[in-house]
Amino acid sequence: MRPLLLLTQSRKLLPALLRRQRTMSSKPSVYVTRPDVDASGLELLRKSCNVSTWKEALPVPRDILLREVVGKDALYCALTDKIDVAVLDAAGSQLKCVSTISVGYEHIDVEECKKRGIRVGFTPDVLTDATAELTLALLLATNRRLFEASKQVYNGGWKSWAPMWMCGQGLKGSRVGLLGFGRIGQEIAARIFPFKPAEITYTTRTARPQEAAAVNGRHVDFDEMLRNSDFIVACCALTPETKEIFNAEAFNKMKPNCIFINTARGGVVDQKALHEALASKRILAAGLDVTTPEPLPLDDPLLTLDNVVILPHIGSADIETRKEMSRITARNILAALEGAKMEAEVTV
């Protein structure tokens with residue numbers, strides 16, 4: 001009787017199990033390339049999607065990405081992931097969305113995604129304030145030689161107070177130039193303005209007089225900004241036009257006291273030319289939150305210089321900002337899967 005009872009119960013349960021399997025298989029599948037994004041974004045996805053992730057808090061190896069993306073409906077990626085034709089081919093024709101937890105999307109072949117009808121999401125607005133704050137912090141750390149001075153505390157270089165020792169270059173009365181005057185550039189200018197610079201100028205393809213009025217900003221061409229600025233801040237997008245725009249020619253036009261800050265992308269700088277300009281004291285100093293490559297190799301010649309401050313790409317590394325970036329990336333995916341308007345979609 002007991003075997004017969006078990007068989008009867010199994011027959012009763014079988015339709016329910018099959019329905020459950022069908023329900024699970026009908027959920028869209030999402031591959032997440034990093035397990036260390038804030039959990040709130042993943043929780044949003046798991047409510048209606050089957051979510052799988054790379055297991056280590058490191059960029060997913062290329063061969064594993066190509067294997068794991070097969071058959072997925074959406075891809076949650078980061079700047080460290082190259083999403084090109086090979087990845088899109090591996091995923092298959094059902095891939096509907098690629099969403100990156102970043103404002104930059106140069107690691108994604110957007111044109112190829114467009115051809116295939118794959119929507120691309122990103123996280124532009126949420127990190128504006130965090131990046132602007134970091135830019136100001138990096139500028140101040142560089143112009144007041146904070147990292148260089150701190151080392152003297154630990155290596156015995158601090159002997160006593162001295163009138164001209166570890167003096168830096170102040171912002172008050174200086175001329176500040178920005179390459180780029182979008183959301184982040186405007187917020188950077190707003191934070192610099194209270195330090196009483198003599199002038200803030202900006203270089204963009206199109207003048208933005210209304211936005212610049214709040215900081216008495218003036219639109220100038222690139223050459224004028226290079227020649228007249230005491231501080232130059234790169235806060236532009238990386239495009240074919242801006243790739244290595246800061247090259248040997250550009251550094252040679254700068255004032256000897258110029259301090260160069262880059263929180264945009266490493267690719268806007270010819271790093272060999274930057275090293276030469278710093279080592280020869282052609283320019284005074286530099287502060288970098290972005291480099292090429294990332295991470296910067298420990299034998300890179302830039303790391304031998306005292307007049308450069310280098311940070312490990314932490315522009316948006318504010319806790320609440322990173323949490324919201326995770327949620328926006330997830331919401332972009334959910335909207336795309338439903339055919340709805342995405343919170344932040346790349347358009348080309």
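Data table
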read-out	value
Efficiency of FRET from Cβ geometry, Leu140 and Glu43, R₀ 35 Å, rounded to 0.05	0.40
Segments 299-311, 64-76 sorted - mean Cβ within 10 Å per residue, highest first	64-76, 299-311
D_trans [Stokes-Einstein, Kirkwood Rh over alpha-carbon pairs] for region 190-329, 37 °C, 0.692 mPa s, µm² s⁻¹	202
Whichever lysines have a C-alpha closer than 18 Å to that of Lys151, once near sequence neighbours (fewer than 8 apart) are set aside	Lys159
Heavy-atom accessible surface of the chain: percent carbon and sulfur, 1.4 Å	56
Counted charge near Phe195, where neighbours are those whose Cβ lies closer than 13 Å (Asp, Glu -1; Lys, Arg +1)	+3
Two-decimal Rg/Rh across region 29-179, once Rg and the Kirkwood Rh are taken from alpha-carbon atoms	1.19
Under 20 Å from the Arg205 label point (7 Å along Cα→beta-carbon), backbone N, region 257-284	264-269
Extension gain (nm, one decimal) between Ala57 and Tyr154, 0.36 nm per residue minus Cα-Cα	31.7 nm
Net charge over other residues, Cβ less than 13 angstrom from the Cβ of Pro61 (K, R count +1; D, E count -1)	+1
Identified option (computed mean projected area of the Cα convex hull in nm²; candidates [x] 18.8; [y] 24.0; [z] 16.9)	[y]
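The values are calculated or read from the model by the stated rules, or taken from the named source; none is laboratory data. Since the model is a prediction, treat every value here as computed from it, not as a measurement. Every residue, glycine as well, gets a Cβ built from its backbone with ideal geometry; the counts of neighbours run over all protein chains shown. Note: areas computed on protein heavy atoms with side chains; ligands, DNA, RNA excluded. Shrake-Rupley method; radii C 1.70, N 1.55, O 1.52, S 1.80 Å.
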